[in-house]
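Read through the structure below, which is laid out as C-alpha cells, and then see the notes.
The values are calculated or read from the model by the stated rules, or taken from the named source; none is laboratory data. Only a predicted model underlies this, so the values are computations on that prediction, with no experimental measurement involved. Don't worry about glycine lacking a Cβ; one is built from the backbone with ideal geometry, like all the others, and counts go over all protein chains shown.
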Amino acid sequence: MINVAIVGAGGIARRHVEALGKLANVRIVAVMDIVPERAHSMATAVGATAYSSIDDCLERADVVYVLTPPSTHRALCLRAMEAGKHVMCEKPIASSIPDAEAIVAGAHRYNVKLMIAFNMRFRKAGLMLKQAFDSGKLGRVYNFWIHRMGPSVSGYNWRTDPQLLCGVAIESMSHDIDQIRWIAGEIADVRATVFESRSDLPGYDTDANVALSLANGGMAVLHVSWASPLGHNARGLIGTEGAVMVDGPNMWDWQYFHTKTTDMLHEEISVINDMLATTDSYLEETTHFIECVENNTKPAITGEDGLKALRVSHAILQSGREGVVVKTSTEC
C-alpha cells in the first residue's frame, strides 16, 4: 500500500484526490493546507488526517503530492525530498528558474522520484497528435501550431493574488510548451509579443503570440489568451505529406480530430469528445506515477521536463519585454 500526503487542498487537488481514490493500492493518509477548514474538509471526505504543516504529515507518507501555487513549490518539494518522499509536483514546476533548478537538484540529491503533472500528455487529443507525428504518415513534420483562448479567472484566485502572481506564460502555457517538446522536440529560440490586459495587475500577462524555432529545423506557433470572452481551442501538425488537427469549443476541450494526407481525396473528421470535465487523464497520470514508485522506474515526465518548459516561459516573457529573439537552453 502506498501512503500519500496531499499538500494543498485547492481546486486542482480535487482532481488528483479523485484519481488517487480509484487506485486500490493507494491510501491518502494526510491532507495539508494553510487554510485549516480546507484541509479538514478534504481530509474528512477521504478518511485522512488534516494538517497545517508539511513537517507534521511527512512521517506517515511514502509519496507527497505538491498541489500549491508554483512560487511555494521549492520549499515544499525540498522538505518532502529531504524526508525521502517521492514527489508529484503540479505544473508549472516553479515560478522562478532558480527554484526549479533547486527542485530538480533535490530529487537527484535525495534519490527520490519527481514527476511534474503535465496532465495534457495523458489526454486523448494529445496522444492522437503524438501518434500521428510518430507514425510517419505526415512525412517530415515542420509546423506545430496552437491556438487557445478563453476568459480569465474571476473573483479571488491565487494566480491574481499580488503575493503569488503568475500569468499565462508561466502558468498555463507550460502545458503547450511541454506538448511541443514532447511531440516535436526541443525548442531552440523564441520570438514573442506579450500583453497584460489587466491594468489593475501590473506584471500579470494574459495574452501571448509566440513564434518558436525548433532544434530539428521545424517551427511552432503559440497564440494564447486568458482575456477572451469567446472560448476556442485548436492545435495541429503540418508535414510534407499531410496534416492533423484537434479542435473544440473551450480552452481545454477537444471535440474533433481532423486528418488529411496527400493521398486522401477528402478530409477525415472523427468525434473524440476529449473534455476536461470528464477526462480520465488524471487517473492515467497518477497510475503511471504510482507504478514508477512501486517498480522503481523513471517517470515519463521528469523534473528536467518541468525546468525546460519553465525556461521557455521565461524566454517568452523576456522576448516580449525586450523585443528580441531569445535562445533557449536544453541543458539541465
If you go through the range 42-67, how many residues are touching a residue at least 60 places away in the same chain (Cβ under 8 Å) and not acidic (Asp, Glu)?
4
Can you find a residue in the range 131-144 that is in a helix (DSSP H, G or I), surrounded by 15 or more Cβ atoms within 10 Å (Cβ to Cβ) and either among the small types (Gly, Ala, Ser) or assigned by TED's automatic domain parsing to the domain that holds residue 230 (or both)?
yes
Going residue by residue through the range 5-19, is there one that turns out to be surrounded by fewer than 24 Cβ atoms within 10 Å (Cβ to Cβ), assigned to a helix (DSSP H, G or I) and acidic (Asp, Glu)?
yes
Unique residue being part of a strand (DSSP E or B) and of a type outside the set (A, V, I, L, M, F, W, C) when the list is 27, 79
27
So, in the range 37-55, how many residues would count as being within 27 Å of the chain's Cα centre (by Cα) and surrounded by fewer than 13 Cβ atoms within 10 Å (Cβ to Cβ)?
2
Here the residues within the range 247-268 that are in contact with a strand residue (DSSP E or B) (Cβ under 9 Å, 6 or more places away or on another chain) and either more than 23 Å from residue 122 (Cβ to Cβ) or without any contact (Cβ under 8 Å) to a residue 12 or more places away in the chain (or both) are 260, 261, 262, 263, 264, 266, 267, 268
Just to be sure, is residue 278 exposed (fewer than 13 other Cβ atoms within 10 Å of the Cβ), among the β-branched types (Val, Ile, Thr) and over 20 Å from residue 133 (Cβ atoms)?
yes
